[in-house]
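Here, each number is a calculation from the coordinates, and none is a lab measurement. Values in this document were obtained by computation on a predicted structure and should not be read as measured data. No Cβ is skipped: glycine too gets one built from the backbone with ideal geometry, and neighbour counts run over all protein chains shown.
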């Protein structure tokens, strides 16, 4: 019995030492890096040809977005909140060409179930965004609610991993493949082409889980394919994107705010 007691005591002692050793080994807990997308600069032949910048409120929600498409237009989205819920979005557009009419559209926003409804009483336009679990399923833009049959649609399809496979307007279709994994989304869309991306950002919606590196466009007899090359920082955030051909003359540079 004494031998058994000795072995039992030894076992308990070793267990305590083992647990103590494990505890010491778990002191370094990985810290999750949180970054907010801040800005994109598009370079063409060494000059900035486009810039986009996002501004946030004290709750880290988007309060405005500014876009400058050099020698073409400047655009601002201004977001208003009611108890942290989006109540309205104002889109102001100013064209460089004086022959193009500047415009300002205010959308009153309603969120319910899996649908965001943006209504403009000024020009009677209506934008509906349908989504599931934070991913966009489709959009419908009615140009004038007094003529409900006059509208445009875009439908998004994804695979079982929530990667975007295609988006189609009915007359043109974009398809995607060759996905990166375990990386953050390209904040400027990367290889993807779709409408209303700025509204998706404001609403906190996504179109894909991972970045596709290959895109294809089909409309009638037109069939174009392109590749995109992405550079990431150590935390998996896209810092630079370049489309094929991969050259130093045209690229997109992305910046973030680390919280």
Difference of contour (0.36 nm per residue) and Cα-Cα distance, residue 157 to residue 247: 29.3 nm
Mean separation of Cα contacts under 8 Å, 6 or more apart, over the residue count of the range 35-258: relative contact order %: 16 percent
Approximate spin-label separation residue 182-residue 97, in nm, with each point projected 7 Å along Cα-to-Cβ: 4.8 nm
Isotropic mean projected area of the C-alpha convex hull, the range 169-240 (nm²): 5.3 nm²
Angle in degrees between helix 2-25 and the longest Cα principal axis of the chain, rounded to the nearest 10: 30 degrees
Full-stretch length increase - residue 105, residue 135 - with 0.36 nm per residue and alpha-carbon distance subtracted: 8.3 nm
Per-residue [θ]222 nm for the chain (sum of -39500 (n - 2.57) over DSSP H runs n ≥ 4, rounded to 500): -4000 deg cm²/dmol
Anisotropy class of the range 35-258 from Cα gyration tensor, a/c 1.5 cut: rounded
Proxy reagent accessibility, fewest Cβ within 10 Å first, across 56, 176: 56, 176
Fraction of alpha-carbon pairs over 18 Å apart in the range 91-212 - percent: 57 percent
Taking 233, 180, 186 and counting other C-beta atoms within 10 Å, the order from fewest to most: 233, 180, 186
Neighbour-count ranking [beta-carbon atoms within 10 angstrom, fewest first] of 242, 249: 249, 242
Per-pair calculated FRET efficiency, R0 = 22 Å: residue 239 and residue 47 via Cβ, rounded to 0.05: 0.65
